[in-house]
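Below is one structure, written out as structure tokens; the observations come after it.
The values are calculated or read from the model by the stated rules, or taken from the named source; none is laboratory data. For clarity, every value in this text was computed on a predicted model and none was experimentally measured. For neighbour counting, all protein chains shown are included, and Cβ atoms are generated from backbone atoms with ideal geometry for every residue, glycine included. Ligands, DNA and RNA are stripped out before the accessible areas are found, and what is left, the full protein with its side chains, is counted by its heavy atoms. Shrake-Rupley method; radii C 1.70, N 1.55, O 1.52, S 1.80 Å.
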Amino acid sequence: MIVLGLESSCDETAVALVTAERRILAQRVASQVEVHAPFGGVVPELAARAHVERLTPMADAVLAEAGLVLADVDAIAATAGPGLVGAVMVGLVTGQALALGAEKPFIPVNHLEAHALSPRLVDPSLRFPYLLLLVSGGHCQLVGVEAVGRYRRLATTIDDAAGEAFDKVAKLLGLGFPGGPAVEAEARLGDPAAVPLPRPLVGSHEPHFSFAGLKTAVLRAVETGRHAPVDIAAGFQEAVTACLVDRTARALEAFPAATALVAAGGVAANGAIRAALATLAGQHGVRLVVPPPALCTDNAAMVAWAAIERREAGLADDPDMAARPRWPLDPAAEPVRGAGVKA
Ligand code: KG4
Ligand code: ZN
């Protein structure tokens with residue numbers, strides 16, 4: 001089984017061809033960093049327009065690279081949400097049109113489910129259940145992954161996502177966009193103890209996240225003009241790390257069946273955060289799995305793979321589904337006040 005996957009839920013346009021035998025035949029990701037950088041964040045209309053321009057040529061290129069034509073593909077999958085609705089719509093409608101034209105089945109995919117299952121594409125030994133820490137610019141969740149299609153959302157953010165906080169702090173420190181890698185580089189040069197910063201929700205019973213107060217504290221620290229940016233970056237990164245570790249520890253206690261801790265999303269690329277999570281996993285007797293960076297950040301191989309997993313599990317979805325700006329993985333999860341925009 002070969003699936004052509006499309007991803008367009010935020011600011012990455014991506015296409016991939018993946019087989020049920022876990023082979024990525026070809027894949028491309030086009031970042032829109034240069035489109036949004038002048039604005040310091042993702043502009044939804046510009047994202048949608050860039051997807052329109054790039055998606056079809058990228059699909060052609062991926063097929064050509066694999067030496068295939070659309071007729072060779074068994075199914076087409078695309079992210080149907082959650083995400084920026086205009087952006088999601090571009091990939092979804094493109095996928096539906098390609099499927100209709102080629103008379104192939106179309107599989108709509110939940111972007112969060114794609115992140116949740118992505119580590120199984122590279123690691124066949126990863127068994128259910130596992131705990132997923134999904135930390136990116138748009139998501140900040142702890143999810144108990146029980147089986148394909150069965151997810152328990154243990155925690156979400158009550159305000160910003162962790163990556164969003166990195167991006168905003170980078171902006172405050174004049175480090176540019178996207179901020180995560182720049183803050184990490186800056187933090188390496190600073191003293192994390194020089195600027196005391198809060199660790200929101202640490203110690204609270206529910207494993208939820210909050211970063212708005214931390215961001216405001218960084219703003220105050222910048223405004224005093226008394227601290228070196230490297231120290232602010234180091235203090236901020238240490239505070240975020242402490243929050244992620246404490247909240248994840250709480251979730252591991254609440255989900256003792258987990259055999260592994262999986263960290264995915266752009267923030268999982270942060271070396272200090274990965275190291276702290278590895279220590280935490282060791283303390284809890286579970287292994288830490290971090291998919292390679294190309295699978296950790298938004299990509300289409302995970303979309304194709306999620307479609308394959310759902311097919312193999314006998315789960316079917318409405319091929320005519322409309323784009324969903326919100327699409328919780330766990331429909332039973334209580335909405336949390338002010339929870340992150342995208343999930
Ligand atoms: O998963 P991703 O590529 O896209 C989505 O947001 O869905 O994640 C991007 C986010 C950005 O907020 C970026 O600043 C953050 O991940 N990020 C990092 C690092 N690399 C990327 N945050 C902290 N440290 C990093 N090294
Ligand atoms: Zn994502």
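Residue check, THR56 against (1) assigned to a helix (DSSP H, G or I); (2) open to solvent by less than 20 Å² (accessible area, probe 1.4 Å); (3) among the β-branched types (Val, Ile, Thr); (4) away from ligand 2 (no atom under 16 Å from the Cβ), all met but one. Which one?
Unmet condition: (2).
For the range 99-109, state whether one or more residues are within 30 Å of PRO207 (Cα to Cα), more than 15 Å from the chain's Cα centre (by Cα) and of a type in the set (D, E, K, R).
No: the range 99-109 contains no residue that is within 30 Å of PRO207 (Cα to Cα), more than 15 Å from the chain's Cα centre (by Cα) and of a type in the set (D, E, K, R).
Would you check which residues across the range 261-300 are near ligand 1 (Cβ under 10 Å from one of its atoms) and polar (S, T, N, Q) and list them?
Listed by number, the residues that qualify are ASN270, THR297, ASN299.
Of these, PRO82, PRO44, which one is open to solvent by 40 Å² or more (accessible area, probe 1.4 Å) and over 14 Å from ALA300 (Cα atoms)?
Result of the check over PRO82, PRO44: PRO44.
Going by what's in this entry, would GLY95 be described as under 22 Å from MET302 (Cβ atoms), in a helix (DSSP H, G or I) and more than 16 Å from ligand 2 (Cβ to nearest atom)?
The answer is yes for GLY95.
For ALA234, state whether it is in the same structural domain as VAL90 (by TED's automatic domain parsing), surrounded by 22 or more Cβ atoms within 10 Å (Cβ to Cβ) and not in a loop (DSSP other than H, G, I, E, B).
No, not satisfied.
For the range 266-330, give me every one of the helices (runs of 4 or more DSSP H) that falls completely inside it and has 2 or more residues that are away from ligand 2 (no atom under 14 Å from the Cβ) and farther than 20 Å from GLY149 by Cα. Walk me through how you get there before you give the answer.
On the way: elements: 271-284, 293-296, 301-312.
Fully inside the range 266-330 and qualifying: 271-284.
Of everything in the range 213-231 that's over 20 Å from ILE273 (Cβ atoms) and of a type in the set (A, V, I, L, M, F, W, C), which residue is least open to solvent (accessible area, probe 1.4 Å)?
In this case the residue turns out to be ALA221.
Listed residues ALA276, ALA254; which is on the phi < 0 side of the Ramachandran plot, assigned by TED's automatic domain parsing to the domain that holds LEU154, open to solvent by less than 70 Å² (accessible area, probe 1.4 Å) and out of contact with any strand residue (DSSP E or B) (no Cβ under 9 Å at 6 or more places or on another chain)?
Values: ALA254 fails: out of contact with any strand residue (DSSP E or B) (no Cβ under 9 Å at 6 or more places or on another chain).
Result of the check over ALA276, ALA254: ALA276.
Are there any pairs with C-beta distances below 6 angstrom linking a residue in the range 146-166 that is farther than 19 Å from ASP246 by Cα and among the acidic types (Asp, Glu) to a residue that is open to solvent by less than 10 Å² (accessible area, probe 1.4 Å) and away from ligand 1 (no atom under 13 Å from the Cβ), with the two at least 6 apart or on different chains, and if so which?
Qualifying pairs under 6 Å: none.
Restricting the first residue to the range 82-101 and requiring it to be more than 13 Å from ASP11 (Cα to Cα), which pairs with a second residue that is more than 16 Å from ligand 1 (Cβ to nearest atom) and of a type in the set (S, T, N, Q) meet a Cβ separation below 7 Å and a spacing of at least six or different chains?
THR94/THR56
Can you find a residue that is without any contact (Cβ under 8 Å) to a residue 24 or more places away in the chain, of a type in the set (D, E, K, R) and not assigned by TED's automatic domain parsing to the domain that holds ALA269 anywhere in the range 108-124?
Of all residues in the range 108-124, those without any contact (Cβ under 8 Å) to a residue 24 or more places away in the chain come to none.
Checked against the condition, which is being without any contact (Cβ under 8 Å) to a residue 24 or more places away in the chain, of a type in the set (D, E, K, R) and not assigned by TED's automatic domain parsing to the domain that holds ALA269, the range 108-124 yields no hits at all.
Could you please give the count of residues in the range 198-224 that are part of a helix (DSSP H, G or I), in contact (Cβ under 8 Å) with a residue 40 or more places away in the chain and among the basic types (Lys, Arg)?
Looking only at that region, the number is 1.
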